[in-house]
Structures are given as C-alpha cells and as structure tokens.
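Just below is one structure, and these are the notes that go with it.
The values are calculated or read from the model by the stated rules, or taken from the named source; none is laboratory data. Source: prediction; values computed, not measured. Heads up, the Cβs are rebuilt from the backbone with ideal geometry, glycines too, and the neighbour counts pull from every protein chain shown. Note: areas computed on protein heavy atoms with side chains; ligands, DNA, RNA excluded. Shrake-Rupley method; radii C 1.70, N 1.55, O 1.52, S 1.80 Å.
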Amino acid sequence: MSEHRGIWVYSENRDLILELLGKGSELASKLHTRLTAVMLGHDVKDQAKELVGYGAQKVIVVDNQQLQEFQVEPYLSALTQLTHEHKPELLLIGSTKRGKELAARLAARLNVGCVPGCQELKTDDQGRLVAERIVYGGNAIVTQVFRMKPQIVTVPRRRFEKLEYNAESQGEVIDESELQLEPAKTEIVEVKPVETVETKIEEARVVIGGGRGFDKKEDFKILDELAQILGGQVGYTRPLAEDRKWFKEWVGLSGHAISPELYIACGISGVIQHVAGIRDSKVIVAINKDP
Amino acid sequence: MVRILVCVKQAIDVSQLKVDSATRRLITVDAPKKISDFDKNALEEAIRIREKLGGEVFTVTVGPEDAKTTLREALAMGADKAYLISDPIFENSDTLATSYVLAEAVKKIGPFDLILCGEASIDSFSAQVGPRLAERLRVPLITYVRKLSVEGDAVTAERGLEDCSQTMKAKTPALITVTKEINEPRIPSLMAIMKASKKEIVIWAAADLSIASEKVGEAGSAVQVLTVLAPKMERKKIVIKGETAMETAEKLAKALIQEGVVGR
Ligand SMILES: Cc1cc2nc3c(=O)[nH]c(=O)nc-3n(C[C@H](O)[C@H](O)[C@H](O)COP(=O)(O)OP(=O)(O)OC[C@H]3O[C@@H](n4cnc5c(N)ncnc54)[C@H](O)[C@@H]3O)c2cc1C
Ligand SMILES: Nc1ncnc2c1ncn2[C@@H]1O[C@H](COP(=O)(O)O)[C@@H](O)[C@H]1O
C-alpha cells in the first residue's frame, strides 16, 4: 500500500482541472507528496506548461489522435495504464457526467473505491484522506475514508479555488504518448450543443429563484427583470420544470448546484432537495408566505 | 425478442427521512423504503421495449430480505421474473462489493441483450453501480440516457451532457443507465398487483453464486463510512419585515447593500 505516492488530477474540463490543481496543491502539502496533472487529448502538449503555472509539479501528457474527442474507453485505458505504472495514492477527477463515468469505471478496473461528488476533502490526524459528500437527498453528509489505494474521488465544479497563475513555476513534463489505447466501444452518431443559458447558472454571481408560489408563467417576467438589473440569472424549482413543464432546468440536488454571492428565492418553500443545490450561496434571501 | 434485465435498488424514501435535531443523526431504522426513483424509469423503458419487440424483462436486486416487497412492485409494473440476491454477509457493502455481487448474479441469470440501471440511486446518489457493472461484464455502456431504441443487435441512445446532447450507438449486449426524463413510469393497476403475487421471485444467497466472503460486506468494501450526519446550517436568519411591501423591499435592499452583494 505504501508504494503508492503522489496526487493526480484529471478532468476533460479546463476550468475544473485548474480548480482540482488548487485543491490538489493544498492536499499535496498536507500529505507531503507531489502534485501531478494528467493531460489527455490530441495536440495538447503545449498546454502542459499552463498547468505547471497553476500548480502542477509534474504533467503527464498522452497526446494521441484517438483522444481527439472524448470517448470513454481510450481515455479510460490511458488512465488505467498510467495508474498501474506510476501508482498515485490519490486521483482527483472532475465530477462532470463524463468524469463520473470515467472515475467509476477506472475504480472498477483497478478494483478500488471511488467517492463521487465530494463537497469537501480533508486530512485527519492519522494522515488519512477524509472525503465528504451529500447523501439521502440532501438530508445528510457522509464522511468516508478509503481502505485501499489508489483512492479515487470526483469533485464538482466551483467547489474549490484555482491558484493564481505563476509564470515562473517549474515543472517536469512526462510524455506518455506511446501508450496503446483501447478503441471506443460505442459510436457517437450525433452531437448537438446545448444553448449556453442552460449551463451559465453555475457561473452567475446573483441568482433569482422562482417556485410554486408563482401562479402564472408570465409572472416570471418580474424575475427576469430583477435578474437583469442585478446582473444575474433566473433559476427554478423542480416542480415548475417537471410538473408544470414551464422550464427545462431547475436548481437543486437533482438539478444545478449553484453557489452565487446572492440567491433570492421567491415563492420557494426551501425543501431539502432544493436547498441541497443552493447551500453554498453566500447570502440567501427567501421571499414567501411561510411564517 | 429481447431479453432485458433491470437492476433495481431498494432505497430509503429520502423525502420521508427524519433527523434527530439534537444529534444530527438520521432516523433510518424504520424509514420507509421504495424502489429507487430512476430504477422505475429503467423498468418502464424495459417494459415498453418488450411491448414493442417481444421478449422478457427480468429484474434483480441485491438487498435485505424485505427487498422482496420492492421486487413485487417491479413485478406489478410488468417485469416477468425477479431475483433477490440476499445474504447477511452483504450488509454494509459499498459500490465495489455490491457491483461484484450483482455481476455474479447477472452472469448466472444471463445472457441478456440489454441491462438497464438507474442513473443513480436516490439515497446514495453515487452513479457508480451501473458503470462498475458494465466494466465487470465487459459490455458497452451508455450513461445518462433520456431516449432509447433497439433495432436488431444495436441500441441507439440519446444522452444529455453538460455541454451537449449526444446520440450514441452500441452493439448489444449493452448496459444503459437512464435518467428521469426518459419516460413516465406507469402506476400498476390492482389487477397487475394481484397478478404479480403469482410471479416467481428467485432468492439466492452468497453460496448460490460462489461469492467470496472476503470480497463483500464491510471487509470487502474499499470505502469506510465514518459518520452520517445532517448538515449544519449556519445562517444569520434575519427576518425582514415592514408595514408595507414597499418598506420591506427597501429594508431588504439596504441589508443586501450592507452585505456587499448588490449595488456594486
Ligand atoms: C429525488 C428528488 C429530487 C428532487 N430534486 C429537486 C431539485 O433538485 N430541485 C428542486 O427544486 N426540487 C427537487 N425536488 C422536489 C422538492 O422535494 C420540492 O417538491 C420542491 O423543491 C418544492 O418546490 P417549491 O418550493 O417551488 O414549491 P412549494 O414547496 O409548494 O413552495 C411554494 C412556496 O411559495 C410560497 N408562496 C405562495 N404564494 C406566495 C405569494 N403570493 N407570495 C410569496 N410567496 C408565496 C409559499 O409560502 C411556499 O413557500 C426533488 C424531489 C425528489 C423526490
Ligand atoms: N443493491 C443493488 N441491487 C441492484 N441494483 C442496484 C443496487 N445498487 C445500485 N443498483 C443499480 O445501480 C444504479 C446506480 O446506483 P448507485 O451507484 O447507488 O447510485 C441504480 O439505479 C440501480 O439500477
């Protein structure tokens, strides 16, 4: 078990990998180990330096045409081989849908554990990694430790801060582009990008939420207006999307998790599943008729 | 004719969970249980495919003995036959151990054209068991599917990712995890519930599947749970109230400017 050394970060999402480097640096110094970023893709070699600037002490690059677009099996086979060869003690993987699938399958191949969607990562006095995540529909937080290595966790967007870019940072770049990759088992027939509005809410500094307290869809105009004035976005509770079919997206446990500076919940009761998605907002204002 | 297996989990009904506010512990002892929400979508999809193409729908769960009620629910919805994989040594298994047991069961029940799972279970929400099972069975996997069709030996599936929606194709046998959007699960009629009581539930223990005891339960799990506690809500809890709506709004605006979150 002790032969496993080092912390690795990987995400196919650029912002997320920088955030993972931020958290990874903190953990690496606490665990007295080194931080490595894994870069998988095609024509990505020149991006390695940037990752060094954001905290990676080492960058492992696999530059291969088979990694041009994200397909799980080639990515998975690269990570599996690299992990076998270099034996990291901990892998932080970005908790996108692609990342969650990748992490689960990597854990299955390596026959180890995986804690998905970690809200917090700490070390305890025994030098163990303690992972925290939300369970039971937002009713509880479970804290877990691993019995074996490598330990795999996934981390959602906007959970941790990236470091300030430092152009002076020095780091080693290891080229592993010679790996033999597994072909994809599925075929991508069609890709349709989603409209940007659907993804932007996580980035908004101010979010105005609307719930079942609204009787008519037209009334949401006032929220749109308020959002515009405050430079924010409008979000909804799930029943408005699922039952009333007014909107496509919602905020909460099964929807978008947001952490704006200001969340104004209008006509929202604050049921636990909804609160799970807004808990990290700095200031929460609730406007409703509940005493 | 397609043979479809649906993996269902008996989950705690999280909307009915209670918390002991003094200790922040959850009261899970006699919390109501039910089929995990998205597993119902998986079942519904399997039944619809069978209605269209003919074939059989099997369902399997790894769980305690009382998970039989969960399986009866699945049979009432329309599954043809159910398997309960249950043994005291499975208790406290994590996703590594659970997927091992599930894979051994599938190998014994199989072969299948299609295996369906929920995107994630409502209580642990880990989205792990489906992908891990696909790895163990070495079959193609398509996750987060919201539209599915089967034609010959190929499945076509539409999935929604953060930045795009993708249409994917795979050869069967394949494993698919489905989201809530894929369909509206049927509510079984009284007739269907009565008929379900006559359908077969096969019960297997660890020995029936030659399960290695050191690979299941707490000892066989990779992850160890330290605590499960209700989250602390540390908020200022300020109530803003005025004589009129206008006055309330003004007070709120002032408070928010003071907090520095608006008016910059
Ligand atoms: C597995 C699962 C996952 C879920 N995930 C999510 C999720 O991710 N996100 C989510 O939002 N929900 C989720 N839900 C649903 C959730 O349980 C609640 O049903 C939902 O959040 C309630 O929405 P609401 O607050 O809009 O409605 P309600 O609970 O009905 O609240 C309406 C509010 O409007 C107020 N109101 C009414 N009239 C007025 C008025 N004239 N002026 C001011 N206030 C008024 C009332 O006082 C009340 O507070 C989930 C449920 C399950 C089972
Ligand atoms: N104990 C179990 N028995 C059968 N299927 C399960 C079990 N646990 C999880 N699954 C399946 O795996 C999916 C994802 O579960 P989870 O990894 O717990 O989020 C569920 O929706 C089920 O389809």
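How many residues, within region B:29-53, are away from ligand 2 (no atom under 16 Å from the Cβ) and open to solvent by 20 Å² or more (accessible area, probe 1.4 Å)? Adding up the residues that qualify gives 8.
Considering A:Glu249, A:Glu176, the condition of being within 23 Å of A:Asn13 (Cα to Cα) and more than 16 Å from ligand 1 (Cβ to nearest atom) is satisfied by A:Glu176 alone.
Residues are listed down the side, and each one gets a yes or a no for (1) in contact (Cβ under 8 Å) with a residue 40 or more places away in the chain; (2) part of a strand (DSSP E or B); (3) more than 16 Å from ligand 2 (Cβ to nearest atom); (4) in the same structural domain as A:Gly138 (by TED's automatic domain parsing):
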position	(1), (2), (3), (4)
A:Gly213	yes, no, yes, no
A:Asp219	no, no, yes, no
A:Glu225	no, no, yes, no
A:Ala241	no, no, yes, no
A:Ile258	yes, no, yes, no
A:Ile264	yes, yes, yes, no
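Taking the listed residues A:Ile268, A:Ile229, the one that is more than 13 Å from ligand 1 (Cβ to nearest atom) and outside the structural domain of A:Ile134 (by TED's automatic domain parsing) is A:Ile229, with no other qualifying. Restricting B:Leu43, B:Leu53, B:Leu71 to those that are within 30 Å of A:Leu106 (Cβ to Cβ) and away from ligand 1 (no atom under 16 Å from the Cβ) reduces the list to B:Leu43. On inspection, B:Arg136 fails the criterion of being open to solvent by less than 40 Å² (accessible area, probe 1.4 Å) and among the basic types (Lys, Arg). Here the condition is being open to solvent by 10 Å² or more (accessible area, probe 1.4 Å), within 24 Å of A:Gln57 (Cβ to Cβ) and at pLDDT 95 or above; of A:Leu91, A:Leu102, A:Leu110, it holds for A:Leu110 alone. Residues in region B:204-235 that are closer than 24 Å to A:Ala108 by Cβ and exposed (fewer than 13 other Cβ atoms within 10 Å of the Cβ): 3 in all. Can you confirm whether region B:114-132 contains a residue that is farther than 30 Å from B:Thr28 by Cβ, in contact with a strand residue (DSSP E or B) (Cβ under 9 Å, 6 or more places away or on another chain) and away from ligand 1 (no atom under 16 Å from the Cβ)? Yes, region B:114-132 contains at least one residue that is farther than 30 Å from B:Thr28 by Cβ, in contact with a strand residue (DSSP E or B) (Cβ under 9 Å, 6 or more places away or on another chain) and away from ligand 1 (no atom under 16 Å from the Cβ).
Filtering region A:32-44 to residues that are closer than 14 Å to A:Arg14 by Cα and either charged (D, E, K, R) or open to solvent by 10 Å² or more (accessible area, probe 1.4 Å) (or both) leaves A:Met39, A:Leu40, A:Val44. B:Asn92 meets each of the listed conditions (1) over 16 Å from the mean Cα position of the chain (by Cα); (2) under 20 Å from B:Gly220 (Cβ atoms); (3) part of a helix (DSSP H, G or I) apart from (3).
Residue-by-condition table, conditions (1) aliphatic (A, V, I, L, M); (2) more than 8 Å from chain B (Cβ to nearest Cβ); (3) outside any loop (DSSP other than H, G, I, E, B):
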{"site": "A:Phe70", "(1), (2), (3)": "no, yes, no"}
{"site": "A:Ile93", "(1), (2), (3)": "yes, yes, yes"}
{"site": "A:Ala104", "(1), (2), (3)": "yes, no, yes"}
{"site": "A:Lys122", "(1), (2), (3)": "no, yes, yes"}
{"site": "A:Ile134", "(1), (2), (3)": "yes, no, yes"}
{"site": "A:Val153", "(1), (2), (3)": "yes, yes, yes"}
{"site": "A:Tyr165", "(1), (2), (3)": "no, yes, no"}
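For region A:45-77, give me each residue that is open to solvent by less than 20 Å² (accessible area, probe 1.4 Å) and touching an Asp or Glu at 6+ places or on another chain (Cβ under 8 Å). The answer is A:Val59, A:Ile60, A:Val61, A:Val62, A:Val72, A:Glu73, A:Pro74, A:Tyr75, A:Leu76, A:Ser77. When region A:281-290 is limited to residues that are part of a loop (DSSP other than H, G, I, E, B) and either touching a residue at least 40 places away in the same chain (Cβ under 8 Å) or within 11 Å of ligand 1 (Cβ to nearest atom) (or both), the one that is most open to solvent (accessible area, probe 1.4 Å) turns out to be A:Lys289. Among the residues of region B:100-129, those that are near ligand 2 (Cβ under 8 Å from one of its atoms) and within 8 Å of chain A (Cβ to nearest Cβ) comprise B:Asp123, B:Ser124, B:Phe125, B:Ser126, B:Ala127, B:Gln128.
Condition test on A:Asp243, is it more than 24 Å from B:Lys254 (Cα to Cα), within 13 Å of ligand 1 (Cβ to nearest atom) and within 12 Å of chain B (Cβ to nearest Cβ)? For A:Asp243, the condition - more than 24 Å from B:Lys254 (Cα to Cα), within 13 Å of ligand 1 (Cβ to nearest atom) and within 12 Å of chain B (Cβ to nearest Cβ) - is met.
Scanning region A:227-239 for residues that are under 14 Å from A:Gly210 (Cβ atoms) and part of a loop (DSSP other than H, G, I, E, B) gives A:Gly232, A:Thr237. Counting only strands (runs of 3 or more DSSP E) wholly contained in region B:164-264, the ones carrying 1 or more residues that are without any contact (Cβ under 8 Å) to a residue 12 or more places away in the chain occupy B:164-171, B:223-229.
Find the residue count for region A:137-151, including only residues that are facing chain B (nearest Cβ under 7 Å), closer than 16 Å to B:Gln128 by Cβ and either outside any loop (DSSP other than H, G, I, E, B) or open to solvent by less than 30 Å² (accessible area, probe 1.4 Å) (or both). Of the residues in that region, 3 qualify.
Of the residues A:Gly213, A:Gly235, only one is modelled with pLDDT of 90 or more, near ligand 1 (Cβ under 8 Å from one of its atoms) and either open to solvent by less than 20 Å² (accessible area, probe 1.4 Å) or over 28 Å from the mean Cα position of the chain (by Cα) (or both); which? Full working, then the answer.
Details: A:Gly235 fails: near ligand 1 (Cβ under 8 Å from one of its atoms).
After applying the criteria, what remains is A:Gly213.
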